[in-house]
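Read the structure below first, then the notes.
Just so it is clear, none of the values below were taken in a lab; they were calculated from the coordinates. Only a predicted model underlies this, so the values are computations on that prediction, with no experimental measurement involved. Positions of Cβ are backbone-derived with ideal geometry, glycine not excepted, and every protein chain shown enters the neighbour counts.
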Amino acid sequence: MSFLQNLAAYRLSRYFKLGFILWDLALLNLAIVLSFLLRHGNFEEIHIQERRTLFLLMNFVWLLLLLHKDSYRIIRVERIEAILMRTIRLIVVHFFLIGTFVAVLKYSQISRLGLLYFYLIFFTMLFIFRVVFMKVLKCVRTKGYNFRNVVIVGGNDTGNTISKFLSKDLTFGYHILGFFDNTNTTAAITSPFLGGFDSIEDYVLNQKVDEMYVTLHIDQIKIINQLTALCERYMIRIKFIPDFQQYTKGNKVQIAFYGNIPVLTLRKEPLESAFNRLIKKAFDFVFAFLVIVVLFPWLFVILYILIKLDSPGPVFFRQQRSGRDNQSFYCFKFRTMQVNAQSDEKQAVKGDSRVTKLGAFMRKTNIDELPQFFNVLFGNMSVVGPRPHMLKHTEQYSELINNYLVRHYAKPGITGWAQVNGFRGETKELTDMTDRVEYDIWYIENWSLLLDLKIIFRTVINVFRGEENAY
């Protein structure tokens, strides 16, 4: 009976994916109709040959993109940010291919403004559908439906970790039936103990099991091979959870394939992707350019006069800081201190006598950091990233904190994940810097454009709210 249930679920899954693709194509054609109506006000010329050809090509290209690498999937534990980024990638590739086709064939009947309307409408509908669909699925799962029954083979720390993760949120849609191991280690794992390895086959024959997670050590390869054959015989999806703690204490690793050879990387870095780097660089340039064009023509004049009246010395402060790959660069700021010989060695502390009255205000509101938007245009900084430190501090902390230099895998930023979470300003204790480094590394491992926007938004809020450690 369990075999038949699994077979039915498999077929239902196939039809579900087919329905998902057909729905996407329906949204695409609806976007075509709406954009044409918005651009032309009627449908009188919609049947022109060039347009019919283009509409057909739009459908064909989108279908290919959906089928490529299973792009139509919705992962149970996926964040909304990941869905958005995957949708953006598909839209960008589709736009590039269709735009190239129109340009090369010199289609004169195709409105460029109409294409812009189409992509704006299509993207909006796609994203809304995907988010609503995810919310509906989560709601259905909280009611006890659309669950996948899971067993875990291996009563160890890795098995316990995957059990806790899958069961911590009902909206993930996983029901942990229990675990198998030749040793009853009920004290080590939170799920029910179901028996030894020899009882697995009888159990899956009498119970509906959708997935099996294997957390056994590689030296039990004979058992692993038997489990693989068993799962394939009864159409149970088998997943292997290797114990990466043998190699690293890191929580995130990435597996790449060089041909058929799996290669384990210590941590996932989204910005190692050329596409992601291009997105971030384009955003940095546009954002920095707009800030400079909008603010500097009038704000610079005001600050120039005020800084000169406040204390003698230059308007700008230039200091060498540690950048990406630990390469030094000159970081620009509005000067907030009296000219002093300790500026390259000593951090500002609360009540620092070197800070001028105007400087205290600028540091509190982050106005002193505005010249760093020129650093962004020059390419040695980003709008968002780990804050750049003085060379002396980099040398000092890299000796005290093992993973300190990992933060230099990314370009330094004007603001960062650590800063909006309260880790900014003076580092009185070593733990202050250790915590800051951990936040910076988390940012590097979890970068997305939406995360950058979130950090910028929180930075602006903090500017008006004020920060305790900004001095």
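In the chain, the calculated helix contribution to ellipticity at 222 nm averages -17500 deg cm²/dmol per residue, counting -39,500 (n - 2.57) for every DSSP H run with n ≥ 4. Summing Cβ point charges (Lys, Arg +1; Asp, Glu -1) relative to the Cα centre of the chain gives a dipole of roughly 1160 debye. When each of Asp181, Asp219, Asp432 is scored by the number of other beta-carbon atoms lying within 10 Å, the sequence from fewest to most is Asp219, Asp432, Asp181.
The phi-based Karplus calculation (6.51 cos²θ - 1.76 cosθ + 1.60; θ = phi - 60°) puts the 3J(HN,Hα) values of the stretch 310-324 at 6, 6, x, x, x, 6, 9, 10, 10, 9, 6, 10, 8, x, 4 Hz, whole numbers, x for Gly and Pro.
In percent, rounded to a whole number, the relative contact order of the stretch 274-465 is 21, using alpha-carbon pairs under 8 Å and six or more apart. In percent, rounded to a whole number, the relative contact order of the chain is 11, using alpha-carbon pairs under 8 Å and six or more apart. You can think of it this way: the chain between Arg267 and Leu18 has 86.2 nm of extra reach, that is 0.36 nm per residue less the Cα-Cα gap.
Approximating the spin labels as points 7 Å out from Cα along Cα→Cβ, the Phe60-to-Tyr330 distance works out to 5.6 nm. Search the structure for amide H atoms under 5 Å from the amide H of Gly416, placed 1.01 Å from N in the peptide plane, and list their residues when 5 or more places away or on another chain. Excluding prolines and chain starts, which carry no amide H, the hits are Gly385.
Once the chain from Arg39 to Lys392 is taken as fully extended at 0.36 nm per residue, the excess over their C-alpha distance is 121.2 nm.
Across the cross-link table entries Lys280/Lys392; Lys164/Lys280; Lys138/Lys268, which are compared at the Cα atoms, the separations over 32 Å belong to Lys164/Lys280. Relative to the 2.2 N^0.38 Å rule of thumb, the chain has a C-alpha radius of gyration ratio of 1.23. For the stretch 324-399, build the charge dipole from Cβ charges (+1 Lys, Arg; -1 Asp, Glu) around the Cα centre, then report which of Thr394, Ala341, Phe378 sits farthest towards its positive end. Farthest along the dipole direction, towards plus: Ala341. Residues whose amide H lies under 5 Å from that of Ile110, counting only those 5 or more places away or on a different chain, are absent; hydrogens are built 1.01 Å from N in the peptide plane. For the stretch 397-409, putting each phi into the Karplus relation 6.51 cos²θ - 1.76 cosθ + 1.60 with θ = phi - 60° gives couplings of 6, 5, 7, 9, 10, 4, 9, 4, 6, 4, 4, 8, 5 Hz, in residue order, rounded to whole numbers and with x for Gly and Pro.
Treating r as the C-beta distance of Ile46 and Asn182 and R0 as 45 Å, the FRET efficiency rounds to 0.10. Each label was represented as a point 7 Å from its Cα along the Cα-to-Cβ direction; for Leu113 and Tyr234 these points are 6.4 nm apart.
Taking Cα centre as origin and charging only the Cβ of basic (Lys, Arg, +1) and acidic (Asp, Glu, -1) residues, the dipole magnitude of the stretch 351-471 rounds to 420 debye.
Using the Karplus relation 6.51 cos²θ - 1.76 cosθ + 1.60 with θ = phi - 60°, the per-residue 3J(HN,Hα) values for the stretch 102-111 come to 5, 5, 5, 7, 6, 6, 7, 8, 9, 7 Hz, with x marking Gly and Pro. Let me know the shape class of the stretch 274-465, please: from the alpha-carbon gyration tensor, a ≥ b ≥ c as square roots of the eigenvalues, rounded when a/c is under 1.5, otherwise prolate if a/b is greater than b/c, or oblate. Since a/c reaches 1.5 but b/c is at least a/b, the shape of the stretch 274-465 is classed as oblate. Amide H to amide H distances under 5 Å link Ala410 with Asp325, where only residues 5 or more positions off or on other chains count and H is placed in the peptide plane.
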